[in-house]
Amino acid sequence: MFNVCPKCGVYSAEKVIEPEGPFAVCPHCGYKHHFLRLPLFVITGASGTGKSAVCLELPKKTSECVFLECDLFWCPHFDKPEEDYRNFRDHCLRVAKSIGQSGRPVVLCGTVVPDGYEISAERRYFTEIHYLALVCEDEELKKRLTERPGWRRSSQPEFIRKMTDFNQWIKDNAHKTQPPMTILDNTRLSVEGTVERIAEWIHGKCCYLDTRPSQKLLDF
């Protein structure tokens, strides 16, 4: 219930943030709610690039963070592509914001691009959102999707086409998004190797909390 003002009880996500507190200022009564403003980490990429696999293993390497797979929050209520899944994106950030009040940064794993989060009213509660996109070569992506269990329905030609298109879009546009996304090509990396690289990336951001956006190509 972070968005509910402790003084007047009015619900609002669109509070004014005073960084020197930091304080979330209620737009209705002016109450200043002190809170922890932490960075947020997002691991994105097309289906088949390894997001779920690394999300299971990363806590062993980066216990200072809380890892959440966005699929945990999904329900039919959020299935509104015509709204670009706005309520779903907001909900993911709202949960991450609340968990962050424990003092541990959150890592969200799910398919998203920066525009999905940066325009959210919930974005203001984070110092920075750092994005890392997993990519791989098209043939490797097709192989991974085809080898999945049948119940996942990921071997359908149309689904494979959509994922390879998105995979290529990330490669072409990661440096153009705001903020830019870091790219990690794991075509020839094991899950363990991918986890190591992502852990290095997170630790590099956490050690000094440098919020300057920059796009990097991780070439291992």
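The values are calculated or read from the model by the stated rules, or taken from the named source; none is laboratory data. Everything quoted here is computed from the prediction, not taken from an experiment. Reconstructed Cβ throughout: ideal geometry from the backbone, glycine too, with neighbour counts over all protein chains shown.
With respect to being modelled with pLDDT of 95 or more, surrounded by fewer than 22 Cβ atoms within 10 Å (Cβ to Cβ) and out of contact with any His (no Cβ under 7 Å at 6 or more places or on another chain), residue 102 falls outside the description.
In region 60-78, how many residues are out of contact with any helix residue (DSSP H, G or I) (no Cβ under 6 Å at 6 or more places or on another chain), under 25 Å from residue 141 (Cα atoms) and not hydrophobic (A, V, I, L, M, F, W, C)? Matching residues across region 60-78 total 1. Only a single item in (1) surrounded by fewer than 18 Cβ atoms within 10 Å (Cβ to Cβ); (2) in contact with a Ser or Thr (Cβ under 9 Å, 6 or more places away or on another chain); (3) not in a helix (DSSP H, G or I) is not met by residue 108, and it is number (1). Counting only residues that are surrounded by fewer than 19 Cβ atoms within 10 Å (Cβ to Cβ), touching a residue at least 12 places away in the same chain (Cβ under 8 Å) and aromatic (Phe, Trp, Tyr), region 120-165 holds 1 of them. Taken over region 1-46, residues that are aliphatic (A, V, I, L, M), free of Cβ contacts under 8 Å to residues at least 40 places away in the same chain and farther than 21 Å from residue 66 by Cα amount to 4. Residues in region 114-161 that are part of a loop (DSSP other than H, G, I, E, B) and within 30 Å of residue 25 (Cβ to Cβ): 119, 120, 126, 127, 128.
Could you check, for region 42-50, whether at least one of its residues is part of a strand (DSSP E or B), touching a helix residue (DSSP H, G or I) at 6+ places or on another chain (Cβ under 6 Å) and either outside the structural domain of residue 105 (by TED's automatic domain parsing) or not aliphatic (A, V, I, L, M) (or both)? Scanning region 42-50 turns up at least one residue that is part of a strand (DSSP E or B), touching a helix residue (DSSP H, G or I) at 6+ places or on another chain (Cβ under 6 Å) and either outside the structural domain of residue 105 (by TED's automatic domain parsing) or not aliphatic (A, V, I, L, M) (or both).
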